[in-house]
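Everything on this sheet refers to the single structure shown next.
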Amino acid sequence: MSDKANLPIGDHGHGDSVASWTAVIVIMVAFAAGTLAFWFDQPVLVWASAGLAVVGLALGFILRGAGYGVNGSKSKH
């Protein structure tokens, strides 16, 4: 029996996939780095961190398209 047997109908597992975890981790690192850069008054690094957050978002979509998203061909579920 699947480990998703107890989930409500229409619930896809809240993004438990390689694509979503990768995107979230990259975006969290970007925001942490951006916060430190802002605190130390480094505007170039603040903007670089904002760019990294956008890259994290794009990476999530790319990995989902490659089959690593929820119910993807290469996902564990």
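Across the range 1-33, the qualifying residues are those that are acidic (Asp, Glu) and at pLDDT below 80, and the one among them that is nearest to VAL70 (Cα to Cα) is ASP11.
Considered as a group, the residues in the range 36-75 that are in contact (Cβ under 8 Å) with a residue 12 or more places away in the chain and polar (S, T, N, Q) include one that is surrounded by the fewest Cβ atoms within 10 Å (Cβ to Cβ), and that residue is ASN71.
The values are calculated or read from the model by the stated rules, or taken from the named source; none is laboratory data. This structure is a prediction, so every number in the text was calculated from the model and none was measured. Every residue, glycine as well, gets a Cβ built from its backbone with ideal geometry; the counts of neighbours run over all protein chains shown.
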